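Values in this text are rule-based calculations from the coordinates and carry no lab data. Because the structure is a prediction, the values reported are computed rather than measured. Cβ placement follows ideal geometry from the backbone for every residue including glycine, while neighbour counts extend to all protein chains displayed.
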Amino acid sequence: MQTSYDIIIVGGGMVGLTLACALAEQCTLSIAVLEAKLPTHDWQLSPYHHRVSAVALSSRRILESLEVWEAIAKKRVSPFTKIHVWDALNQADIHFDSTAIAEPCLGYIIENNLIQSALQERIKHYPHLTWMTPVELSSWCVNENHAQLTTSDGRVLTTRLAVAADGAQSWLRKEAGIEVDREDYAQGAIVAAVRTALPHERIARQVFLPTGPLAFLPLAEPTLSSIVWSLPSELAEMHRDSQVHEFKHALAQAFSHRLGEVVDVDKRYVFPLQRQQARHYVKPRVALVGDAAHTMHPLAGQGVNLGLLDAASLAEMIVEAHHQGRDFAAFANLRRYERWRRADNLALLGGVDGIKCLFASEKKSIQTLRSMGLTLTNRFNWIKNMFIRHAVGDRRGLPRIARDLPFLIRCVTHKISMKSH
Ligand SMILES: Cc1cc2nc3c(=O)[nH]c(=O)nc-3n(C[C@H](O)[C@H](O)[C@H](O)COP(=O)(O)OP(=O)(O)OC[C@H]3O[C@@H](n4cnc5c(N)ncnc54)[C@H](O)[C@@H]3O)c2cc1C
């Protein structure tokens, strides 16, 4: 078996696999993906998997350019065309609509294991890409020319560049001695698929309650939604373990019955929430991507979207250097990636934290300010559109495979398609 690779990616989640495909698609460097877990639950039609993501348009473009989007869309995606956010305390609210930015939708709700299994299928197309699972890593060391990973069954693998895509508790990040700034939100997010009396009409809804945000994300069936309900940890566990009829009642009430009664609920899961940012995204012969580099509160639904941008950007830096005959793993090249992505991620992390604090505040003055802020922003379309363009991934500084047609061209094609309907 081959024991030396140009690039080793530790972690075959959505981000690690995207990076693997983006590299394999654009160059012939030898790549290995090491994944700890055997695929235990492949995607299935029913029941809906409890882990879903709001996938931005920039992420769709990345998946399209890697030729995995079609496979995902054929199975099940749920586009949403509007977003409605409101403050439970004073009912101030804001609406976003895809028509305002000349897009057919604002994003898609997709099950994580569907994205992952489509990417797993795709990597089989590349002869220079090796998928190893299950792999348990036991040690790591690095010298001037290469890095070395040893598995617990004694295999020694060497590489010019190791990428940590192994999630929030990243083993490789710790082994490489990269520290993180961490803040425990002391909150847990309850996730579950729920059926409501009223249809969601493809609107993603989120209410900010004094205890934390509650989102209903529209799934492919008109009365089926996926909830993300962030609550203080103990309360989240209490709701997870409560009787079904009690939970349905509490959930409908927390959502002010905007979708009527909650008529059914699948198994509930709780995920602890943390904000995390690695102090460095790179070190000699190591780079971090996705949750290994950063995690944030799910209220903005951006974690995996940022992770896919990390993957596409790192691939672009590596491929560009390699095609120009430069050392793709040189520290200076890795630093370019770090400067690019860390600034973008920090800005979003800061914004998400700001929103979280603003809505958690019990101060009357802050509550008045946020009500005014929501109402005013809702009135000024240009501010609203600026926010929503950023959220859907329509902004400067994106890696090539995530970029869209210029806005003016899109407006014209959108108008033509509206006329022809
Ligand atoms: C409740 C909740 C809701 C969310 N909603 C959204 C949303 O709507 N939109 C959005 O964009 N983001 C959302 N996120 C964030 C999103 O889920 C994550 O950002 C995303 O899953 C990160 O992907 P990843 O591939 O970086 O890491 P992971 O998904 O954690 O994958 C890491 C992979 O590495 C493997 N691994 C771990 N350790 C090792 C090791 N030592 N060796 C080998 N392999 C290893 C794991 O088995 C796994 O396959 C949400 C998060 C939460 C908690």
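Values for this structure:
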quantity	calculated
Residues located in the stretch 45-84, provided they are in a loop (DSSP other than H, G, I, E, B), of a type in the set (D, E, K, R) and away from the ligand (no atom under 14 Å from the Cβ)	Glu67, Arg76
Residues satisfying the stated conditions in the stretch 174-221, i.e. near the ligand (Cβ under 10 Å from one of its atoms) and either in a loop (DSSP other than H, G, I, E, B) or of a type in the set (Lys, Arg) (or both)	Lys174
Some residue of the stretch 33-43 being in contact (Cβ under 8 Å) with a residue 24 or more places away in the chain, within 12 Å of the ligand (Cβ to nearest atom), surrounded by 24 or more Cβ atoms within 10 Å (Cβ to Cβ) and outside any helix (DSSP H, G or I)	yes
Where a residue in the stretch 278-291 is on the phi > 0 side of the Ramachandran plot and its partner, wherever it lies, is crowded, with 24+ Cβ neighbours inside 10 Å and of a type in the set (Gly, Ala, Ser), with Cβ under 6 Å and at least six apart	Gly290/Ala165; Gly290/Gly307
Some residue of the stretch 272-281 being away from the ligand (no atom under 16 Å from the Cβ) and under 29 Å from Leu66 (Cβ atoms)	yes
Residue among Asp291, Asp327 that is assigned to a helix (DSSP H, G or I) and either acidic (Asp, Glu) or near the ligand (Cβ under 8 Å from one of its atoms) (or both)	Asp291
Residue list for the stretch 1-21, filter: more than 16 Å from the ligand (Cβ to nearest atom) and either crowded, with 24+ Cβ neighbours inside 10 Å or farther than 16 Å from Ala329 by Cα (or both)	Met1, Gln2, Thr3
Residues that are touching a Phe, Trp or Tyr at 6+ places or on another chain (Cβ under 7 Å) and among the aromatic types (Phe, Trp, Tyr), drawn from the stretch 205-237	Phe208, Phe216
Per-region count, the stretch 37-72, residues under 13 Å from Ile110 (Cβ atoms) and among the hydroxyl-bearing types (Ser, Thr, Tyr)	3
Among residues of the stretch 44-59, those that are free of Cβ contacts under 8 Å to residues at least 12 places away in the same chain and within 15 Å of the chain's Cα centre (by Cα), counted	0
Single condition Gln169 does not satisfy, out of (1) within 30 Å of Ala92 (Cβ to Cβ); (2) part of a loop (DSSP other than H, G, I, E, B)	(1)
Number of the exception - Lys248 against (1) outside any loop (DSSP other than H, G, I, E, B); (2) touching a helix residue (DSSP H, G or I) at 6+ places or on another chain (Cβ under 9 Å); (3) more than 16 Å from the ligand (Cβ to nearest atom); (4) among the charged types (D, E, K, R)	(2)
Failed item in (1) small (Gly, Ala, Ser); (2) in a loop (DSSP other than H, G, I, E, B); (3) more than 12 Å from the ligand (Cβ to nearest atom), with Ala24 passing the rest	(2)
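Conditions tested, residue by residue: (1) within 12 Å of the ligand (Cβ to nearest atom); (2) touching a strand residue (DSSP E or B) at 6+ places or on another chain (Cβ under 8 Å); (3) outside any strand (DSSP E or B).
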residue	(1), (2), (3)
Ile110	yes, yes, no
Leu119	yes, no, yes
His125	no, no, yes
Ser138	yes, yes, no
